[in-house]
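Undergrad: Got a structure for you, written out below as structure tokens; questions coming shortly.
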Amino acid sequence: MIDLKFYSPEEEVIYEPINKYNVQLYLKRDDLIHPFISGNKWRKLKYNLIKAKNENKKHLVTFGGAYSNHLLATAAAGAKFKFKTTAFVRGDLVENPVLDFCKIFGMELFFVSREDYKDKDKLFNQKFKHSTDFYLINEGGYGMEAELGCREIISELETNYDYIFCAAGTGATAAGLINGKNLYNIMAEINIIATLKGADFLKTEINTLLTGNYEYNLHTNYHFGGYAKTKDDLIGFTKNFIQKTGILIDPVYTAKTLFAIQDLAAQNYFKPFAKILMIHTGGLFGLLGMPEKFR
Ligand SMILES: *Cc1c(COP(=O)(O)O)cnc(C)c1O
């Protein structure tokens with residue numbers, strides 16, 4: 001059975017640089033779900049794992065970059081739920097703590113050049129054409145099963161909020177929140193922060209997974225130069241938030257989202273006394289992707 005007992009409370013966070021604009025900040029602590037199957041990665045894997053079990057598949061195959069939280073979550077979930085795991089890793093052979101943990105959990109890694117990585121069908125067929133027991137999970141876990149799992153974030157909410165914020169990479173989590181809002185009829189306005197540069201493609205990725213023509217706000221100007229590129233003020237913000245709240249955030253996703261909340265508050269984006277919920281999507285290993293910035 002695919003089941004994970006977890007605790008993801010909604011927690012008010014007192015953080016003066018945001019509260020001073022007359023708003024209240026809450027986090028849904030999906031980062032506490034599991035140390036490695038963290039945040040939205042459990043949400044996105046859950047229905048994939050159930051489907052794989054139902055189809056009697058024994059082997060999960062997926063794709064990701066060298067600091068992918070998705071690879072790590074897949075490796076840990078594979079070990080826990082008794083699947084063999086293999087990943088195609090973008091770029092030349094490297095060693096880092098994320099990939100080390102993937103290997104510790106038993107994941108098999110194939111490093112492929114950025115050029116070869118573009119043709120995922122070809123890569124997959126080279127290794128797995130003749131096998132029938134594999135279950136393919138898209139890069140970043142993107143897909144219908146992922147979206148379905150992310151709706152559950154909304155179904156668990158215990159309080160009403162005016163605004164909900166979440167970071168987006170592939171957009172599957174965003175789509176789940178937007179569908180969930182409409183399915184469970186909650187009032188909160190959904191705000192999605194694109195973490196990649198030129199993220200207008202994201203709108204298509206999100207809309208593909210929506211069950212209706214729903215409204216949401218996509219903010220595409222908080223990427224700080226791109227996926228894992230950061231500006232010094234974002235690093236400063238990340239450190240300050242961690243040191244003033246005791247809650248770890250990662251510079252790739254959650255820090256950008258909180259920074260956006262602060263910046264929008266400064267621009268009077270929110271109504272007075274607004275209750276703002278950020279989904280803490282985990283991903284704390286992202287802090288290890290740029291350790292020199294934090295020394
Ligand atoms: C993977 C990840 C995301 C992006 O989720 P998508 O569903 O791909 O948009 C957001 N936050 C964190 C911390 C992540 O690790």
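Undergrad: Dividing the alpha-carbon Rg of the range 40-141 by 2.2 N^0.38 Å yields what?
TA: In units of the 2.2 N^0.38 Å rule of thumb, it is 0.99.
Undergrad: Explain nothing, just compute: Karplus ³J(HN,Hα) = 6.51 cos²θ - 1.76 cosθ + 1.60, θ = phi - 60°, for every residue of the range 208-213 in order, whole Hz, x for Gly and Pro.
TA: Whole-Hz 3J(HN,Hα) from phi for the range 208-213: 4, 9, 7, 8, x, 8.
Undergrad: With every protein chain present, what is the per residue accessible area of the range 40-141 (1.4 Å probe, Å²)?
TA: 48
Undergrad: Additional query: Taking the Cα centre as origin and putting +1 on Lys and Arg beta-carbons and -1 on Asp and Glu beta-carbons, what dipole magnitude results for the chain, to the nearest 20 debye?
TA: With Lys and Arg at +1 and Asp and Glu at -1, about 560 debye.
Undergrad: With the full set of protein chains in place, find how many percent of the accessible area of the range 1-49 is carbon and sulfur; take the probe as 1.4 Å.
TA: Carbon and sulfur together cover 52 percent of it.
Undergrad: With the cut-off at 26 Å, tell me which of the pairs K256/K293; K271/K293; K84/K122; K51/K127 have Cα atoms farther apart than that.
TA: K271/K293, as the Cα separations exceed 26 Å there.
Undergrad: Using a cut-off of 20 Å between alpha-carbon atoms, which aspartates and glutamates can reach K44, once sequence neighbours fewer than 8 places away in the same chain are excluded?
TA: Cα-Cα hits under 20 Å: D3, E10, D30, D31, E55, E139, E145, E147, E152, E156, E205, D250.
Undergrad: Averaging over all projection directions, find the projected area of the Cα convex hull of the range 131-211 and quote it in nm² with one decimal place.
TA: Taking the Cα atoms of the range 131-211, their convex hull projects to 6.4 nm² on average.
Undergrad: Kindly express, to the nearest 10 degrees and within the range 0 to 90, the angle between helix 40-54's C-alpha long axis and the longest C-alpha principal axis of the chain.
TA: Once rounded, the angle reads 40 degrees.
Undergrad: In addition: Suppose each label sits 7 Å from its Cα in the direction of the beta carbon; what would the F201-Q243 distance come out to in nanometres?
TA: Distance between label points: 3.8 nm.
Undergrad: Right, here's the next one. Carbon and sulfur together cover what percent of the accessible area of the range 83-157 at a 1.4 Å probe radius?
TA: 50
Undergrad: Treat the range 221-281 as a sphere of radius equal to its Kirkwood radius over Cα pairs and apply Stokes-Einstein at 37 °C in a medium of 0.692 mPa s; give the translational diffusion coefficient in µm²/s, rounded to a whole number.
TA: 268
Undergrad: Next question. Which of the trypsin sites (Lys or Arg not before Pro) found in the range 1-48 are in a DSSP loop and have at most 14 neighbouring Cβ atoms, other than their own, within 10 Å?
TA: Taking the range 1-48 and a limit of 14 other Cβ atoms within 10 Å, the loop trypsin sites (Lys or Arg not before Pro) found are K5, K20.
Undergrad: Could you derive backbone 3J(HN,Hα) for the range 180-187 from the dihedral phi with the Karplus parameters 6.51, -1.76 and 1.60 (θ = phi - 60°), listing whole Hz in sequence and x where the residue is Gly or Pro?
TA: These are the phi-based 3J(HN,Hα) values: x, 4, 6, 5, 9, 6, 9, 7 Hz.
Undergrad: About the Cα centre of the range 40-141, what is the dipole size in debye to 20, counting +1 per Lys and Arg Cβ and -1 per Asp and Glu Cβ, all else neutral?
TA: 560
Undergrad: Which one, N40, L183, A274, is farthest towards the positive end of the dipole of the chain when Lys and Arg carry +1 and Asp and Glu -1 on their Cβ?
TA: Toward the positive end, the furthest listed residue is N40.
Undergrad: For Y135, enumerate residues with amide H under 5 Å from its amide H, sequence gap 5+ or separate chain, H modeled in the peptide plane.
TA: H59, L60, V61
Undergrad: For the chain, give the share of DSSP beta bridges that are antiparallel, in percent and rounded to the nearest 5; count only bridges with both residues there.
TA: So the antiparallel bridges in the chain amount to around 10 percent.
Undergrad: On to the next question. Hey, could you grab the Kirkwood Rh for the range 1-96? Inverse mean 1/r over distinct alpha carbon pairs, Å, one decimal.
TA: 15.4
Undergrad: Provide the per-residue ³J(HN,Hα) series for the range 70-77, in order, calculated from phi with Karplus coefficients 6.51, -1.76, 1.60 and θ = phi - 60°, each as a whole number of Hz, with x at glycine and proline positions.
TA: Going residue by residue, I get 5, 4, 4, 5, 5, 4, 5, 5 Hz, with x marking Gly and Pro.
Undergrad: Counting other Cβ atoms within 10 Å, keep those with at most 10, restrict to DSSP loop, and tell me which GluC sites (Glu not before Pro) in the range 170-220 are left.
TA: E215
Undergrad: Picking from A194, A168, Y142, whose Cα lies most toward the positive end of the charge dipole for the chain (charges on Cβ: Lys, Arg +1; Asp, Glu -1)?
TA: Y142
Undergrad: Beyond 28 Å, what share of the Cα-Cα pairs of the chain remains, rounded to the nearest whole percent?
TA: Result for the distance tail: 35 percent.
Undergrad: Here's another thing I want to ask about it. Under the rule of -39500 (n - 2.57) per DSSP H run of 4 or more residues, summed and divided by the residues of the chain, what mean residue ellipticity at 222 nm is obtained, to the nearest 500 deg cm²/dmol?
TA: -11000 deg cm²/dmol, from helical runs alone.
Undergrad: Here's a follow-up. Enumerate the amide H contacts of E189 below 5 Å, restricted to partners 5 or more residues apart or on another chain; note that Pro and chain-start residues carry no placed amide H.
TA: Y163, I164
The values are calculated or read from the model by the stated rules, or taken from the named source; none is laboratory data. Note that the structure is a prediction, hence the values are computed from the model and not measured. Here the Cβ is made from the backbone with ideal geometry for all residues, glycine too, and neighbour counts use every protein chain on show. These area figures cover heavy atoms from the full protein model, side chains too; ligands, DNA and RNA do not enter into them. Shrake-Rupley method; radii C 1.70, N 1.55, O 1.52, S 1.80 Å.
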